[in-house]
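First the structure, in the form of structure tokens, and then the observations on it.
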Amino acid sequence: MAKRKESTNPETTDQNKAAKASTGSATRGRKKKEEPMAAEEAKAAAKTTRTRKKATDAPATEKPAPAKKRGRPKKQEQEVPVEVAAKEGVMEVVKAKVQGSGKKATATKVVEAGDVLVPAGSQSDQPVWQASLFTDFDIYLFKEGKHFNLYLKLGSHPMELHDRPGTYFAVWAPNAEQVSVMGEFNGWSRENHQLHARHDDSGIWEGFIPDVRTGMMYKYHIKSKYHLFHVEKSDPFAFCREVPPQTASIVSELKYAWQDQDWIDTRKEKLGKPQPYSVYEVHLGSWRRKPEDNNRPLTYRELAEELPAYVKELGFTHVELMPVMHHPFSGSWGYQITGYFAAHSLLGSPTDLMHLIDVLHQHGIGVIMDWVPSHFPSDEHGLAYFDGTHLFEHADPRKGFHPDWNSYIFNYGRNEVRSFLISNALFWLDKYHVDGLRVDAVASMLYLDYSRKAGEWIPNEHGGRENLEAISFLKDFNHAVHDNFPEVLTIAEESTAWPAVTGPLEHGGLGFNLKWMMGWMHDTLHYFEKDPIYRRYHQGDITFSMVYAFSERFMLPLSHDEVVHGKGSLLSKMPGDEWQRFANLRTLYAYMYAHPGAKLLFMGADIAQSSEWNHDSSLDWHLMQYHPHQGIQQLLRELNAIYKAEPAMYVHSFSPEGFQWIDLNDAHNSVMSFLRKSDNPQDDVLVVCNFTPALHEHYRLGAPHAGKWVQIFNSDDSRYGGSDVHNANPIQTDPEPFHGQDQSITVKLPPLAVVYFKLARD
């Protein structure tokens, strides 16, 4: 991909170098078990001694497990009385597991969802009580990679237990020897509050800590079974995090009184019906800033006062938010995530983000979020090397480390990781009412050799380059999303010719609703960057997209990737003097809205931003004092209105029934014309594009229907900054055949402009 996703940790050890490190780093001398060991040194030692295939298998240097003792096995289950934290505090007899014997015996029960257990009189004086939110069925689903609401179980959950307020903690760390909760409630002690390991091989550590309340900061201190490795980790399931560069998790509850039920009901009613999708892509941290307050970004609450009204006024149907999940480095734009379940705290609290989404919905604006299941950063407090092993990532750097972004790749073959990721996707749809997920970097997930040279990747079991585990994961993801939220969109950023990305799962497709049309974007910008005098030699660049336009359900993106890293703004890409640059930009937008497919524009495109996007500063809103920039905004306002009002522009956006060429071969004049079609011929829209500054006073076109054709849009209108060359009166068809049609019309083609025509109604 074009975006730069640099590591948030500049001192991260390169994986290839680590693979060559000496094995003596982990065993040199005899260190006490409690002695700290650098994470990077431990990683190197783990790689060099590893002969197993899976990261969780015991390393080759580990002593074999002792043989089981002979004798009568201990009784595992019996009927014992335990006190359940139920309403009115009744006692009941349940089947519970007994651990230990004599005075040290404890009885615990895997309780049903929503219930929590405290063994009667056995733990009330302990710092961590044995308790669980997990049922046996939860554990089964988790191990099978089919538990999709883990956010209700893992993480921190404030509650009352036996009339005692506190917080239940649960974390997955199967290769840990000890897991403790450390925080402001215990002076950040690494030892005082040790969680209990479940005895079902799930690798989950859990427990209830009395008097830990909402708003308290905490981390997990994990001691690994291997290499004396220990580390402080943020909670992967925390709903709230400290503002970077601080890294603690915060106990929180997601309580918010939503006011968007009308929107949710309408969203469900539209399921299966053709809809226009006009998306405004936003980086919340740089859309608008407060220069009078040290140039800080707007908070979620402040954005809620400005962004929804602005997007509605311009006529966009959706916003797409670049990742708002917690990320420690603003320069990653949110694509290097350390807190997958936490809203980025720099802009406010989780409920503040909910408020922003709620207000957008109340304004009739859908919300799409970028989601990044492809990779994660190497920050020590994050997911990487979580319990002293490569838990979330592949152990082999040829599969587990991304050379482009200096980040780790999720192990899609591990069922618990699949449960983690799909639970995260559903979390944002459930708790934040999000209307769609745009999945980042799908191509990097699908191909084992993505951005790798020969010898740097491992073929699949069939000897191919396809990542079979990632393919299976993406199908499971789409199935889970559409099974639970059938009206929600999933969108793939996929830049290759992988077949059936938007194909139905039952027919072997990946199951996405939409796919970014990267080929259209590259070819179109390549064409528009050329001086108009040379465009006649590149007619195929601008017409080629229609060869494959209906092979997938496409979204046409002019995204943030095209205005960074020295590429300049869209306006700066346009050739010619100032008038021609603005005319070219108007032509680009008008052509884009007429082309089949959904639409996406990155912020700044709406005001003809003249400089390249900078995530550390605001958009150049001061440009709106100038008429050419005002004209671009007015143009988009009217294009969005036409797009939503004219059925021909969207009802068949993803099928050939919605498109018909009139003429694609007039390369000499750099003109092309086509028909956007609806179910009613009276609603068809004739589109004519003139990609040069030449004015054509009498340009003949074949007309598919006899009658009077009326101009309904002209990008050359003076209100947009154009030269105001119009077809003022209705144009009657002539009985002269042309362009394969039985009749034709003669029109004016303004310079560097796109004109829409429609049959006049009787």
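The values are calculated or read from the model by the stated rules, or taken from the named source; none is laboratory data. Quick caveat: nothing in here was measured; it's all calculated off a predicted structure. Every residue, glycine among them, receives a Cβ derived from its backbone with ideal geometry; neighbour counts consider all protein chains shown. Side chains are part of the model used for accessible areas, which takes the heavy atoms of the whole protein and leaves out ligands, DNA and RNA. Shrake-Rupley method; radii C 1.70, N 1.55, O 1.52, S 1.80 Å.
Going through region 199-222 one residue at a time, which ones are open to solvent by 10 Å² or more (accessible area, probe 1.4 Å), touching a residue at least 60 places away in the same chain (Cβ under 8 Å) and under 29 Å from HIS327 (Cβ atoms)? Lay out the reasoning, then the answer.
We begin by selecting, within region 199-222, every residue open to solvent by 10 Å² or more (accessible area, probe 1.4 Å); these are 199-201, 203, 205-206, 210-211, 213-217, 219.
This time we only want the ones that are touching a residue at least 60 places away in the same chain (Cβ under 8 Å), so: 199-200, 203, 206, 210, 219.
Result: GLY203, GLU206, LYS219.
Looking for whichever is surrounded by 18 or more Cβ atoms within 10 Å (Cβ to Cβ) and in a strand (DSSP E or B) here; the options are LEU391, LEU437. Which one fits? Walk me through how you get there before you give the answer.
Values: LEU391 fails: in a strand (DSSP E or B).
Of the residues listed, the single one that is surrounded by 18 or more Cβ atoms within 10 Å (Cβ to Cβ) and in a strand (DSSP E or B) is LEU437.
Given the criteria assigned to a strand (DSSP E or B), closer than 21 Å to ASP716 by Cβ and either touching a residue at least 12 places away in the same chain (Cβ under 8 Å) or not aromatic (Phe, Trp, Tyr) (or both), does LEU601 qualify? Write out each step before concluding.
Working: assigned to a strand (DSSP E or B): yes; closer than 21 Å to ASP716 by Cβ: yes; either touching a residue at least 12 places away in the same chain (Cβ under 8 Å) or not aromatic (Phe, Trp, Tyr) (or both): yes.
Considered against the rule, which asks whether it is assigned to a strand (DSSP E or B), closer than 21 Å to ASP716 by Cβ and either touching a residue at least 12 places away in the same chain (Cβ under 8 Å) or not aromatic (Phe, Trp, Tyr) (or both), LEU601 comes out as yes.
Do you know which residues across region 259-280 are open to solvent by 60 Å² or more (accessible area, probe 1.4 Å), farther than 25 Å from TYR593 by Cα and either aromatic (Phe, Trp, Tyr) or within 23 Å of the chain's Cα centre (by Cα) (or both)?
Answer for region 259-280, where residues must be open to solvent by 60 Å² or more (accessible area, probe 1.4 Å), farther than 25 Å from TYR593 by Cα and either aromatic (Phe, Trp, Tyr) or within 23 Å of the chain's Cα centre (by Cα) (or both): just LYS268.
Restricting the search to region 516-538, which residues are open to solvent by 10 Å² or more (accessible area, probe 1.4 Å) and closer than 20 Å to TYR277 by Cα?
MET518, GLY519
Hey, can you tell me all the residues within region 126-152 that are of a type outside the set (S, T, N, Q), in contact with a His (Cβ under 8 Å, 6 or more places away or on another chain) and within 20 Å of ASP235 (Cα to Cα)?
Residues of region 126-152 that are of a type outside the set (S, T, N, Q), as a first pass: 127-129, 131, 133-134, 136-148, 150-152.
Still in the list and also in contact with a His (Cβ under 8 Å, 6 or more places away or on another chain): 127-128, 133, 138, 141.
Matches in region 126-152: PRO127, VAL128, LEU133, ASP138.
How many residues are open to solvent by less than 10 Å² (accessible area, probe 1.4 Å), over 26 Å from LYS758 (Cα atoms) and not charged (D, E, K, R) if we restrict to region 552-581?
Qualifying residue count for the region: 8.
Residues of region 397-413 being open to solvent by less than 40 Å² (accessible area, probe 1.4 Å) and not small (Gly, Ala, Ser), which ones?
Answer for region 397-413, where residues must be open to solvent by less than 40 Å² (accessible area, probe 1.4 Å) and not small (Gly, Ala, Ser): PRO397, PHE401, HIS402, TRP405, TYR408, ILE409, PHE410, ASN411, TYR412.
Among the listed residues PHE427, PHE477, which satisfies the condition of being in contact with a Ser or Thr (Cβ under 9 Å, 6 or more places away or on another chain) and not in a strand (DSSP E or B)? Full working, then the answer.
Working: PHE427 fails: in contact with a Ser or Thr (Cβ under 9 Å, 6 or more places away or on another chain).
Exactly one residue qualifies, and that residue is PHE477.
Rundown of residues vs (1) more than 35 Å from the chain's Cα centre (by Cα); (2) hydroxyl-bearing (Ser, Thr, Tyr), yes/no style:
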residue	(1), (2)
LEU619	no, no
ARG637	no, no
HIS668	yes, no
MET672	yes, no
GLN682	yes, no
VAL688	yes, no
THR692	yes, yes
GLY707	yes, no
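Could you please give the count of residues in region 222-246 that are β-branched (Val, Ile, Thr) and in contact with an Asp or Glu (Cβ under 8 Å, 6 or more places away or on another chain)? Break it down into steps so the answer makes sense when it comes.
Let us first name the residues in region 222-246 that are β-branched (Val, Ile, Thr), namely 222, 231, 243.
Right, trim to in contact with an Asp or Glu (Cβ under 8 Å, 6 or more places away or on another chain) and you get 222, 231.
Selection size over region 222-246: 2.
Go through (1) hydrophobic (A, V, I, L, M, F, W, C); (2) assigned to a loop (DSSP other than H, G, I, E, B); (3) open to solvent by 10 Å² or more (accessible area, probe 1.4 Å) for ILE337 and report which single condition fails.
Of the numbered conditions (1) hydrophobic (A, V, I, L, M, F, W, C); (2) assigned to a loop (DSSP other than H, G, I, E, B); (3) open to solvent by 10 Å² or more (accessible area, probe 1.4 Å), the odd one out for ILE337 is (3).
Counting only residues that are under 17 Å from the mean Cα position of the chain (by Cα), at pLDDT 95 or above and of a type outside the set (Ser, Thr, Tyr), which one in region 393-416 is farthest from ALA238 (Cα to Cα)?
ILE409
Please verify whether ASP379 is touching a residue at least 24 places away in the same chain (Cβ under 8 Å), open to solvent by 10 Å² or more (accessible area, probe 1.4 Å) and outside any strand (DSSP E or B), treating the condition exactly as stated. Write out each step before concluding.
Working: touching a residue at least 24 places away in the same chain (Cβ under 8 Å): yes; open to solvent by 10 Å² or more (accessible area, probe 1.4 Å): yes; outside any strand (DSSP E or B): yes.
Yes; evaluated as a whole, the condition is true for this residue.
Output the residue which, of all residues in region 288-318 that are modelled with pLDDT of 95 or more and among the polar types (S, T, N, Q), is farthest from the chain's Cα centre (by Cα).
Looking at residues that are modelled with pLDDT of 95 or more and among the polar types (S, T, N, Q), I get THR299.
Might you let me know whether region 362-371 holds any residue that is open to solvent by less than 10 Å² (accessible area, probe 1.4 Å), at pLDDT below 95 and assigned to a loop (DSSP other than H, G, I, E, B)?
The first filter runs over region 362-371 and keeps only residues open to solvent by less than 10 Å² (accessible area, probe 1.4 Å), leaving 365-371.
Imposing the further condition that a residue be at pLDDT below 95 reduces the set to none.
Checked against the condition, which is being open to solvent by less than 10 Å² (accessible area, probe 1.4 Å), at pLDDT below 95 and assigned to a loop (DSSP other than H, G, I, E, B), region 362-371 yields no hits at all.
Which residue, of ASN665, ASN669, ASN729, is in a strand (DSSP E or B) and surrounded by fewer than 21 Cβ atoms within 10 Å (Cβ to Cβ)?
On the way: ASN669 fails: in a strand (DSSP E or B); ASN729 fails: in a strand (DSSP E or B).
Sole residue among the options that is in a strand (DSSP E or B) and surrounded by fewer than 21 Cβ atoms within 10 Å (Cβ to Cβ): ASN665.
Could you list all residues from region 480-492 that are aliphatic (A, V, I, L, M) and in a strand (DSSP E or B)?
Our first condition is that a residue be aliphatic (A, V, I, L, M); within region 480-492, this holds for 480-481, 488-489, 491-492.
Of everything in region 480-492, those that are aliphatic (A, V, I, L, M) and in a strand (DSSP E or B) turn out to be LEU489, ILE491, ALA492.
Out of region 700-716, which residues are crowded, with 18+ Cβ neighbours inside 10 Å and either out of contact with any Asp or Glu (no Cβ under 8 Å at 6 or more places or on another chain) or without any contact (Cβ under 8 Å) to a residue 40 or more places away in the chain (or both)? Steps first, answer last, please.
First, the residues of region 700-716 that are crowded, with 18+ Cβ neighbours inside 10 Å: 701-704, 707, 709, 711, 713-716.
Result: ALA703, GLY707, TRP709, GLN711, ASN714, SER715.
Take region 218-250 and flag every residue that is assigned to a loop (DSSP other than H, G, I, E, B) and farther than 17 Å from PHE427 by Cβ.
Of the residues in region 218-250, the ones assigned to a loop (DSSP other than H, G, I, E, B) are 225-229, 234-239, 242-248.
Listed by number, the residues that qualify are LYS225, TYR226, HIS227, LEU228, PHE229, GLU242, VAL243, PRO244, PRO245, GLN246, THR247, ALA248.
Report, by residue number, each residue of region 674-696 that is outside any strand (DSSP E or B) and either touching a residue at least 40 places away in the same chain (Cβ under 8 Å) or of a type in the set (S, T, N, Q) (or both).
Step one: filter region 674-696 for residues outside any strand (DSSP E or B), giving 677-684, 691-695.
Within region 674-696, SER678, ASN680, PRO681, GLN682, ASP683, ASP684, PHE691, THR692, PRO693, ALA694, LEU695 qualify.
Taking helices (runs of 4 or more DSSP H) that fall entirely within region 527-583, which contain at least 3 residues that are closer than 28 Å to PHE512 by Cβ and not small (Gly, Ala, Ser)?
Details: elements: 539-543, 545-548, 570-573.
Per the criteria, 539-543, 545-548.
Any chance region 363-381 includes a residue that's hydrophobic (A, V, I, L, M, F, W, C) and farther than 26 Å from TYR277 by Cα?
Residues of region 363-381 hydrophobic (A, V, I, L, M, F, W, C): 365, 367-369, 371-372, 376.
Cutting the leftovers down to farther than 26 Å from TYR277 by Cα gives us 376.
The answer is yes; a qualifying residue exists.
Would you be able to say whether some residue in region 420-434 is surrounded by fewer than 23 Cβ atoms within 10 Å (Cβ to Cβ), modelled with pLDDT under 95 and under 22 Å from PRO328 (Cβ atoms)?
For region 420-434, residues surrounded by fewer than 23 Cβ atoms within 10 Å (Cβ to Cβ), modelled with pLDDT under 95 and under 22 Å from PRO328 (Cβ atoms): absent.
Looking only at region 583-605, decide whether some residue is of a type in the set (D, E, K, R), surrounded by fewer than 24 Cβ atoms within 10 Å (Cβ to Cβ), farther than 27 Å from GLY436 by Cβ and under 31 Å from the mean Cα position of the chain (by Cα).
Quick first cut of region 583-605, residues of a type in the set (D, E, K, R) only: 586, 599.
With surrounded by fewer than 24 Cβ atoms within 10 Å (Cβ to Cβ) added as a condition, the list becomes none.
Checking region 583-605: not a single residue is of a type in the set (D, E, K, R), surrounded by fewer than 24 Cβ atoms within 10 Å (Cβ to Cβ), farther than 27 Å from GLY436 by Cβ and under 31 Å from the mean Cα position of the chain (by Cα).
Go over the candidates ARG398, ARG414, ARG438, ARG418 one by one and state the one that is among the basic types (Lys, Arg) and closer than 19 Å to VAL324 by Cβ.
Values: ARG398 fails: closer than 19 Å to VAL324 by Cβ; ARG414 fails: closer than 19 Å to VAL324 by Cβ; ARG418 fails: closer than 19 Å to VAL324 by Cβ.
ARG438 is the lone residue from the list that is among the basic types (Lys, Arg) and closer than 19 Å to VAL324 by Cβ.
Go through region 134-174 and count every residue that is in a loop (DSSP other than H, G, I, E, B), in contact (Cβ under 8 Å) with a residue 40 or more places away in the chain and touching a Leu at 6+ places or on another chain (Cβ under 7 Å).
Restricting attention to region 134-174, the residues satisfying the condition of being in a loop (DSSP other than H, G, I, E, B) are 134-135, 145-149, 153-154, 162-163, 173-174.
Okay, now just the ones that are also in contact (Cβ under 8 Å) with a residue 40 or more places away in the chain, so 134, 145-149, 154, 162-163, 173-174.
From what's left, touching a Leu at 6+ places or on another chain (Cβ under 7 Å): 147-149.
Residues that pass the stated criteria total 3.
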